[in-house]
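This report concerns only the one structure given below.
The values are calculated or read from the model by the stated rules, or taken from the named source; none is laboratory data. Bear in mind that the values here come from a model prediction, so they are computed numbers and not experimental data. FYI the Cβ positions are ideal-geometry reconstructions off the backbone, even for glycines, and counts take in every protein chain you see.
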Amino acid sequence: MNRQLVGASFPEILRRVGNALYDPATAEGRFVFYNVSPLARTGKLDVVAFGRTPEEAEEALAEELPLRLGLRLGPVDGERKNR
């Protein structure tokens, strides 16, 4: 749940996520959303992230998704910070 997403529509979320939304036709992308009905009212939605490892998927949820949703400023589209 994120208060910044209260009032957001699901199509808007999909637009923000862009090409990182999983496409079953091409098997590209990494995010799958579900249970989105509370989104506009509460800012809550559920998401699964795909990665080559569990750590990569967790990083996508913690780092990439907030950037794509506009909840944090920084690079997106595959640009990663050096660790």
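Just a yes or no: is a residue in the stretch 57-78 modelled with pLDDT of 90 or more and more than 14 Å from the chain's Cα centre (by Cα)? Let's see the steps before the verdict.
Taking the stretch 57-78 as the starting set, the residues that turn out to be modelled with pLDDT of 90 or more are 57-69.
Subsequent filtering for residues that are more than 14 Å from the chain's Cα centre (by Cα) retains none.
No: zero hits.
Can you name every residue in the stretch 39-52 that is assigned to a loop (DSSP other than H, G, I, E, B) and surrounded by 13 or more Cβ atoms within 10 Å (Cβ to Cβ)? Reasoning before the result, please.
Looking only at the stretch 39-52, we keep the residues that are assigned to a loop (DSSP other than H, G, I, E, B), and these are 43-45, 50-52.
Of everything in the stretch 39-52, those that are assigned to a loop (DSSP other than H, G, I, E, B) and surrounded by 13 or more Cβ atoms within 10 Å (Cβ to Cβ) turn out to be GLY43, LYS44, LEU45, PHE50, GLY51.
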In the stretch 59-76, residue surrounded by the fewest Cβ atoms within 10 Å (Cβ to Cβ) [restricted to those that are in contact (Cβ under 8 Å) with a residue 12 or more places away in the chain and small (Gly, Ala, Ser)]: GLY70
Taking interchain pairs and intrachain pairs at least six residues apart, which have beta carbon atoms under 6 angstrom, with the first residue in the stretch 1-17 and in contact (Cβ under 8 Å) with a residue 60 or more places away in the chain and the second loosely packed, with under 15 Cβ neighbours inside 10 Å and not in a helix (DSSP H, G or I)? GLN4/LEU71
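With at pLDDT 90 or above and either touching a strand residue (DSSP E or B) at 6+ places or on another chain (Cβ under 6 Å) or not small (Gly, Ala, Ser) (or both) as the only criterion, which of LEU14, LEU5, LEU39 stands out? Break it down stepwise before answering.
Details: LEU5 fails: at pLDDT 90 or above; LEU39 fails: at pLDDT 90 or above.
Only one candidate passes the filter, namely LEU14.
Go through the stretch 59-73 residue by residue and tally those that are part of a helix (DSSP H, G or I), closer than 10 Å to VAL17 by Cβ and among the aliphatic types (A, V, I, L, M).
Here is the first cut: in the stretch 59-73, the ones part of a helix (DSSP H, G or I) are 59-68.
From what's left, closer than 10 Å to VAL17 by Cβ: 64-65, 68.
Subset that is among the aliphatic types (A, V, I, L, M): 65.
Selection size over the stretch 59-73: 1.
Conditions tested, residue by residue: (1) surrounded by 12 or more Cβ atoms within 10 Å (Cβ to Cβ); (2) among the hydroxyl-bearing types (Ser, Thr, Tyr).
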position: PRO11; (1), (2): no, no
position: THR26; (1), (2): no, yes
position: GLY29; (1), (2): yes, no
position: TYR34; (1), (2): no, yes
position: PRO54; (1), (2): no, no
position: ALA57; (1), (2): yes, no
Scan of the stretch 12-38 for residues that are within 18 Å of ALA60 (Cβ to Cβ) and among the acidic types (Asp, Glu), ordered by number: ASP23, GLU28
